[in-house]
Amino acid sequence: MVGVDHALPRFLREAGEGAQAAFAASCVERASAVFFLAVAAERDRGADVETYLRLLEDLWGAPNLSLEERASRQEQIDAFPEMQTESDDEPPGILAFAFDAVGAMYYAYTYLATGESENITYTSNHNLNIAGFIDDAVTGESSRYEEEIAAQIRDMETLSADFASVDLAALRDQAQAAGRAHVEVLRAAFL
């Protein structure tokens, strides 16, 4: 299997903003389920959940956002507690997943605000971290990491075709299904 580290640079060189934004949105969509699971146990996070949902929805329509709107969304992400850490140390336990899910969202919007494609790589990496952490947390067989690589490569292949004909709703459905699978594995490990 071709790794993301080989496929992603080519995709970022060749794909337009719409395809790159859709790739980032798909990554964040897969990460979103673990964010919601992780913060469900935290008190007073209802506003964060609603903000994350709005940001995720806007991310799927990102090419329609003005630069000011993109920067505004990025500022909203900065207000999440996960962005307030003093160092690069992730929190322990299930909260590490929320940290990476917010990080994926942050870099997706940083790409949109700056146009710098390396931020898509950071979004991808946060998703790979989530998948790897799930594999580490589960006793027994888990292949979330390999499945995340396959999902990212499938997304790149889909989005590299004629972008105007891509069914973004189907891409989103696939990402949501993968996110639900992440949650099922995590519930067994943590709850």
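In table form, for the structure just shown:
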| read-out | value |
| --- | --- |
| Qualifying residue in region 43-57 (condition: open to solvent by less than 60 Å² (accessible area, probe 1.4 Å), acidic (Asp, Glu) and either without any contact (Cβ under 8 Å) to a residue 40 or more places away in the chain or touching a Leu at 6+ places or on another chain (Cβ under 6 Å) (or both)) | yes |
| Residue in region 32-43 that is closer than 21 Å to residue 125 by Cβ, at pLDDT 90 or above and touching a His at 6+ places or on another chain (Cβ under 7 Å) present | yes |
| Verdict on residue 82 being open to solvent by 60 Å² or more (accessible area, probe 1.4 Å) and acidic (Asp, Glu) | no |
| Candidates 112, 67 - the one that is farther than 30 Å from residue 188 by Cβ, open to solvent by 70 Å² or more (accessible area, probe 1.4 Å) and of a type outside the set (Asp, Glu) | 67 |
| Selected residue [of a type outside the set (Ser, Thr, Tyr) and open to solvent by less than 80 Å² (accessible area, probe 1.4 Å)] from 155, 167 | 155 |
| Candidate set from region 119-152 (those that are free of Cβ contacts under 8 Å to residues at least 12 places away in the same chain and not hydroxyl-bearing (Ser, Thr, Tyr)); member that is least open to solvent (accessible area, probe 1.4 Å) | 135 |
| Failed criterion for residue 60 (all others in (1) modelled with pLDDT under 95; (2) on the phi < 0 side of the Ramachandran plot; (3) open to solvent by 10 Å² or more (accessible area, probe 1.4 Å) hold) | (1) |
| Where residue 75 falls short, out of the listed (1) modelled with pLDDT under 90; (2) open to solvent by 70 Å² or more (accessible area, probe 1.4 Å) | (1) |
| Selected residue (criterion: least open to solvent (accessible area, probe 1.4 Å)) from residues of region 178-188 that are touching a helix residue (DSSP H, G or I) at 6+ places or on another chain (Cβ under 9 Å) and hydrophobic (A, V, I, L, M, F, W, C) | 186 |
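The values are calculated or read from the model by the stated rules, or taken from the named source; none is laboratory data. Every value quoted in this text rests on a predicted model; they were computed, and no experiment measured them. Glycine also receives a Cβ, built like all others from the backbone with ideal geometry; neighbour counts cover every protein chain displayed. Surface areas here come from the heavy atoms of the whole protein model, side chains and all, with no ligands, DNA or RNA. Shrake-Rupley method; radii C 1.70, N 1.55, O 1.52, S 1.80 Å.
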